[in-house]
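Taking it in order: structure first as structure tokens, then the write-up.
The values are calculated or read from the model by the stated rules, or taken from the named source; none is laboratory data. This one's a predicted model, so the numbers in the text were calculated from it and none came from an experiment. Glycine gets a Cβ as well: all are built from the backbone with ideal geometry, and neighbour counts include every protein chain shown.
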């Protein structure tokens, strides 16, 4: 992602009727000054009213579950030093003491010169479906692929993998298409092909494997497809 692009631009900040507004949200992390930007949704996940907090790494880490703290702290330190994309699944504790199970997937954040200045990506709150059986993913994805049109297939797969509702799945897919400046259908085609391929190649694919495919789907779209805004 290039600095200045807003992951939530054009989608109303994921504020979709019928969906918990904090279910999907974006963030940016800048290496030089340890500064974070959280969308309203991510602030709500952590228990803050939008606009009431200016996140720092110290604050971010203070919300990690004690059993996950070291994993996340080590990941962030590695990201800072290596300037790499990352994906993690962990728990956060909001200001009321409630535990949220979240998936965080991020790519490199570049300035206009191409220099990597941070990382940017999204949070998905998967708390309601934390106990989903990973071994059921392959069969469900295969069923979705057989019975739905492409965009609906991609939505269905995101719903299964991340345990989110239809509207949130569409918002997540649309956000990726806008960020990559690609038609939604082209990105959906790629997501479907990638997810089906992974489900067929592994009996119980890891969540991180799906994270990586979603985050990098646009890079595998055939060069002959000209990028186009939605």
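The single residue among 71, 5, 22 that is more than 22 Å from residue 180 (Cβ to Cβ) and at pLDDT below 90 turns out to be 22.
The residues on offer are 182, 173, 186, and the sole one that is closer than 23 Å to residue 41 by Cα, out of contact with any strand residue (DSSP E or B) (no Cβ under 7 Å at 6 or more places or on another chain) and at pLDDT 80 or above is 173. If the condition is being closer than 19 Å to residue 198 by Cβ and assigned to a loop (DSSP other than H, G, I, E, B), then the stretch 151-179 contributes 163, 164.
Just for the stretch 189-208: of the residues that are more than 20 Å from residue 25 (Cβ to Cβ) and surrounded by fewer than 16 Cβ atoms within 10 Å (Cβ to Cβ), which one is modelled with the highest pLDDT? Once the filter is applied, the top-ranked residue is 197.
Looking across the stretch 93-113, the residues that are in a strand (DSSP E or B), out of contact with any helix residue (DSSP H, G or I) (no Cβ under 7 Å at 6 or more places or on another chain) and modelled with pLDDT of 90 or more come down to 93, 99. Within the stretch 51-82, being surrounded by 15 or more Cβ atoms within 10 Å (Cβ to Cβ) and part of a loop (DSSP other than H, G, I, E, B) holds for 53, 55, 63, 65, 68. Only one of the numbered conditions (1) touching a strand residue (DSSP E or B) at 6+ places or on another chain (Cβ under 8 Å); (2) assigned to a loop (DSSP other than H, G, I, E, B); (3) farther than 20 Å from residue 111 by Cα is violated by residue 32, and that is (3).
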